[in-house]
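Reviewing the structure listed below.
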Amino acid sequence: MKHEKLAAVDLGSNSFHLQIGRVVDDQIYLLDGLRDPVQLGAGFTRDRRIDRTTQLRALDALGRFSERLRGFPKGAVRAVGTNALRVARNAEQFLAEAEQVLGFPVEVVFGKEEARLIYLGVAHSLAPSTEGRLVVDVGGGSTEFIIGTGLKPELMESLSMGCVSFSLKYFPQGNLDKQCFNRAELAAANEIERLVEPFRREGWSQAVASSGTARTVASILASMGWCERGISVDGLARLRSHMIKAGEIGALRLPEIREDRLRVLAGGAAILNAVFSELGLETMDVSDSALRQGVLYDLLGRVQHHDPRETTVSHFQRRYHVDAAQSARVSAMAESLHSQITTNPPEDDLLVLRWAAALHEIGISISHAGYHKHSAYVLSQADMPGFSQHEQARLSRIVLAHRGKLGKRELEGLPVRSADWSLIFSMRIAALFCRSRNDIRFPKLRANATELGFVLVMPAGWLEEHPMTQAALDEEAEEWSGLGMKLELRSDAEDRLRAAG
């Protein structure tokens, strides 16, 4: 479905952003934006939980965003969370409240997925080029490094260091002495060191910095006359000296810098110094686009059926030498069963089922024994461009459950009313009937969902003619019984009698 307007919500470790754009052909023209300096990454307790005061501040910001998003259909809005929500131990609790307040689901993205989206946003803001670009995004809790050509990212890394976390750790109480800078820059250099060789080997012709830290630093350098355009190594050195001379944040005299940006400037500047030093940079251009613009273009691709997740699934099928004919058999039967036991299922459910069928056997390339466990592990841990953490976890869970015991630890917390049970049932029955791996003629199956579980209806006499399948289905019924659910097997004749009675 095409939408005239799209919206992106970025729940960053420093600021929350809402960006709204108008779609014209394959381009997005920015219409409106809101920003709130929530500083989620500054609200951590010692046990890595986001404190309640910070949560309430974040929920207030999302409430304001929600007002602006009234009337937007679900498919026209994408909200993503980054580093703070990747590492917070109470992220799940906060996200449940956040989604209720915002009115839209929030996806927490892995670091490399964040890097991909950042590059997508930056690349759309730059002139077309066939030469390699280095993009560095210093965020509140993480810093992303990407090398790409045109609109395609080719090398991506995400490091757990950001302007908020570094400012809190290395510049306590706003102290700006030389030792603080030395410690922060050394810590950042140690993080960057591991990616220097592969990035230099890949090479680039242009270096671009993005996000608030870079724009703030570039603005300071320009207003102070220390750099005419972008960020330079000399300009950074002068900013560093200026900050050390001031001695503390409160004594800094810098033009037109917001208070919330001033509080995290030292950490961001230290990271940029280390980036310039380790990668041997002299200058960097600065882009006004970053994650939220990348989310908009990624969302545009999804609604125009250029979904990067489909590309990832196809890549994994090739990479792990999947038997495409077998995955197609399982997919066709699973989708047929699912359509019978659900009414108007969300599109996300249908996509997850299709992807689970496409990828359920990738673990065979590792070991045939327990291959579903290997498949599930790969899907939960691999970098899968386009997928959020939640989507990967859900896909992994369904693939893990498609065969073997249903009493797995990973399924224990799945609510009885979860839509995933219907997906799991459809996958399990499809895999059971398709295990001969041949294009045989399957019996006409009918399926229903009940309050107690599921009903599977087959032609009269078919099970008697196929004792191996009957034994497998009897075992399947026992598995569901162990969960307190019922799988009832009937013939179509029995079903007609029940309907008549």
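Each reported figure results from applying straightforward, stated rules to the coordinates on display, with no laboratory input. What you see is a predicted model; the values in this text were computed from it and never measured. We place every Cβ from the backbone using ideal geometry, glycine too, and count neighbours over all the protein chains shown.
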**Request:** Taking the Cα centre of segment 392-501 as origin, sum charge times position over the Cβ atoms of Lys and Arg (+1) and Asp and Glu (-1), and report the length of that vector in debye to the nearest 20.
**Result:** 420 debye
**Item:** On Cα atoms only, tilt of 233-246 relative to the major axis of the chain in degrees
**Value:** 70 degrees
**Message:** Relative contact order of the chain, please, whole-number percent, based on alpha carbon pairs below 8 angstrom and at least 6 residues apart.
**Reply:** 13 percent
**Message:** Run the numbers for Ala472 and Arg302: contour at 0.36 nm per residue of separation, minus the present Cα-Cα distance, in nm.
**Reply:** 57.3 nm
**Request:** Starting from the Cα-Cα distance between Val24 and Ser223, subtract it from 0.36 nm times their residue separation and give me the gain in nm to one decimal.
**Result:** 68.1 nm
**Item:** Helical mean residue ellipticity (222 nm; -39500 (n - 2.57) per DSSP H run of 4+; nearest 500) of the chain
**Value:** -15500 deg cm²/dmol
**Spatially proximal lysines relative to Lys373 (Cα-Cα < 17 Å; intrachain offsets below 8 disregarded)** = Lys405, Lys408
**Item:** Leu126-Ala96 pseudo-label distance in nm [points 7 Å out on the Cα-to-Cβ vector]
**Value:** 4.3 nm
**DSSP-loop GluC sites (Glu not before Pro) across segment 62-136, with at most 15 other Cβ within 10 angstrom** = Glu131
**Message:** Give the lysines whose C-alpha is closer than 18 Å to that of Lys245, dropping any in the same chain fewer than 8 places away, or say none.
**Reply:** Lys178
**Fill in**
With the dipole of segment 443-501 defined by +1 on each Lys or Arg Cβ and -1 on each Asp or Glu Cβ, the option from Gln470, Val455, Leu483 whose Cα lies farthest towards the positive pole is Val455
**Request:** Determine the dipole magnitude for segment 267-313: charges of +1 sit on the beta-carbon of Lys and Arg, -1 on that of Asp and Glu, nothing else is charged, the reference point is the Cα centre, and the result goes in debye to the nearest 20.
**Result:** 220 debye
**Asked** For Asn190 and Ser336, what does the FRET efficiency come to when R0 = 56 Å and r is the distance between their Cβ atoms, rounded to the nearest 0.05?
**Response** 0.55
**Asked** What FRET efficiency do you get for Ile366 and Arg52 if R0 is 45 Å and r is their Cβ-Cβ distance, rounded to the nearest 0.05?
**Response** 0.55
**Request:** Mind putting a number on the dipole of the chain about its Cα centre? Charges go on the C-beta only, +1 for Lys and Arg and -1 for Asp and Glu, and I need it in Debye to the nearest 20.
**Result:** 540 debye
**Asked** Of Leu186, Gly71, Ser289, whose Cα points farthest to the positive end of the dipole of the chain (charges on the beta-carbon: +1 Lys, Arg; -1 Asp, Glu; origin at the Cα centre)?
**Response** Leu186
**Prompt:** Label Ala328 and Asp349 with points 7 Å out from Cα along Cα→Cβ: what is the distance between them in nm?
**Reply:** 2.7 nm
**Request:** Find which of Ser436, Ser426, Ser375 sits farthest along the positive direction of the dipole of segment 319-452, computed with +1 on the beta-carbon of Lys and Arg, -1 on that of Asp and Glu, about the Cα centre.
**Result:** Ser436
**FRET efficiency for Arg201 and Glu4, using Cβ-Cβ distance with R0 set to 45 Å, rounded to 0.05** = 0.55
**Prompt:** Pairing the Cα long axis of helix 420-433 with the longest principal axis of the chain, what angle in degrees results, from 0 to 90 and rounded to the nearest 10?
**Reply:** 50 degrees
**Fill in**
As straight-line cross-link partners of Lys5, the qualifying lysines (C-alpha separation under 19 Å, not fewer than 8 residues apart within one chain) are Lys74
**Item:** Point-to-point label distance, Asp288-Ala251, nm (Cα→Cβ direction, 7 Å offset)
**Value:** 3.7 nm
